[in-house]
1. In segment 140-154, which residue that is assigned to a loop (DSSP other than H, G, I, E, B) and within 16 Å of the ligand (Cβ to nearest atom) is nearest to the chain's Cα centre (by Cα)?
2. I'd like to know if segment 104-112 contains one or more residues that are assigned to a helix (DSSP H, G or I), in contact with a Leu (Cβ under 9 Å, 6 or more places away or on another chain), within 16 Å of the ligand (Cβ to nearest atom) and farther than 28 Å from residue 290 by Cα.
3. Residues that are away from the ligand (no atom under 16 Å from the Cβ) and touching a Gly at 6+ places or on another chain (Cβ under 8 Å), at least 1 per element: which strands (runs of 3 or more DSSP E) completely within segment 214-309 meet that?
4. When the residues of segment 238-265 are narrowed to those that are surrounded by 23 or more Cβ atoms within 10 Å (Cβ to Cβ) and β-branched (Val, Ile, Thr), which ends up nearest to the chain's Cα centre (by Cα)?
5. Restricting to segment 203-237, name every residue that is crowded, with 24+ Cβ neighbours inside 10 Å and touching a Pro at 6+ places or on another chain (Cβ under 9 Å).
6. Could we say that residue 4 is of a type outside the set (Phe, Trp, Tyr) and either at pLDDT 95 or above or within 16 Å of the ligand (Cβ to nearest atom) (or both) here?
7. Can you pull out the residues in segment 15-50 that are over 17 Å from residue 146 (Cα atoms), touching a helix residue (DSSP H, G or I) at 6+ places or on another chain (Cβ under 8 Å) and not charged (D, E, K, R)?
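The values are calculated or read from the model by the stated rules, or taken from the named source; none is laboratory data. Since the model is a prediction, treat every value here as computed from it, not as a measurement. Reconstructed Cβ throughout: ideal geometry from the backbone, glycine too, with neighbour counts over all protein chains shown.
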Amino acid sequence: MSCVSIMDNNLSITVDIEDWYHIPSVCGSTFSVYRDVEDFFEKWEGRYDYLTDPTKRVLDLLDEFNAKATFFIVADIVEHYPGLLESIVSRGHEIACHGLHHACVIDPNTKKALLSPEEFEKRTLKAKRILEKLSGEKILGYRAPNAFVGGWMLDSLEKIGFKYDSSVCVNSIYNKTDSSLKGVSTFPYHPEPNGLTPACETSHRQLVEFPWAYYDFCGFKIPTSGGPMLRFLGANMILKGLKQSLKRGNTVFYFHSIDLSPEVFPNVGNGRPMYWAIKGKLIENRIRHILSNLNNVNFIPLNACSDLQGTDFEFSKLIPQRSYVDLPNIETKYSEE
Ligand SMILES: [Zn+2]
């Protein structure tokens, strides 16, 4: 039985909506200049909005390809950028949650929890409700701020009504999670309870994880889902990784709308000049190049990938069942591409 034959050729374009001050060196991490976004707004006196303009460009770009995407929005955006979320909803895209203030939930170095599950649930539920109130839609999806995610967080997400998470990025360069990610590939799966690795069929949770794309080169996995890698590696490597990942099943491409901003951001926080060295029109053109070269691929938001809307979600459909027994073979099969 071929794994490919039972899978759709779906790519979910995902866009993270956060501004320049949400990154960990400026706000919300153990090493940031400002304790959190609230502290930033108490002290910052200059212009802060570098987000509205590039978000409009992203919406126009997606329209060029008639693509509906999933926008992971930091909930405090609603307070400081009136009308921005509504402009995304009015173009028919899915709204999902990227945390209340984009603060790291696990320590970037130790991967230990920075919040209790109760506190995480309280803040995330608040974010979910803010986004639901404004969008008028049920929020099903979550992406961890800075993609720092732990298995215990998925238990909490499920408890407060999320149907999926999309934070896991398997690769040979870094691991931002508290798990080995053994057995995780680039297509959706049900993680085991209190963990991030794929569950067996008899012991799994309802929640689905949508991991990101990578390019497997002789066993070395290069992250090719987009984001900073789109800026540093360029369009062709990302495209190769997306095409290879699509052969394994549905997968995820992502970028931030501020990646398209041509402006110079305020010089706050260590290491920022390198982080934003490549962005603006160049990135917009790279995204255009990637989407133009994905022929016969459906661009669908994550909530359209399955029957996630249903209350009786089964273990199956969007997930290749065979992957649970012979994932290594799948990897070998496509590693030469
Ligand atoms: Zn983010």
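1. Checked segment 140-154; the qualifying residue nearest to the chain's Cα centre (by Cα) is 143.
2. Quick first cut of segment 104-112, residues assigned to a helix (DSSP H, G or I) only: none.
The answer is no, given that none of the residues of segment 104-112 is assigned to a helix (DSSP H, G or I), in contact with a Leu (Cβ under 9 Å, 6 or more places away or on another chain), within 16 Å of the ligand (Cβ to nearest atom) and farther than 28 Å from residue 290 by Cα.
3. 214-217, 220-223
4. Once the filter is applied, the top-ranked residue is 252.
5. 208, 210, 211, 212, 213, 214, 215, 225, 229
6. Considered against the rule, which asks whether it is of a type outside the set (Phe, Trp, Tyr) and either at pLDDT 95 or above or within 16 Å of the ligand (Cβ to nearest atom) (or both), residue 4 comes out as no.
7. 40, 41, 44, 48, 50
So that you can scan it fast, the table gives a plain yes or no per residue for (1) farther than 29 Å from residue 82 by Cα; (2) more than 16 Å from the ligand (Cβ to nearest atom); (3) more than 18 Å from the chain's Cα centre (by Cα); (4) among the β-branched types (Val, Ile, Thr):
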position	(1), (2), (3), (4)
119	no, yes, yes, no
124	no, no, no, yes
129	no, yes, yes, no
135	no, yes, yes, no
177	yes, no, no, yes
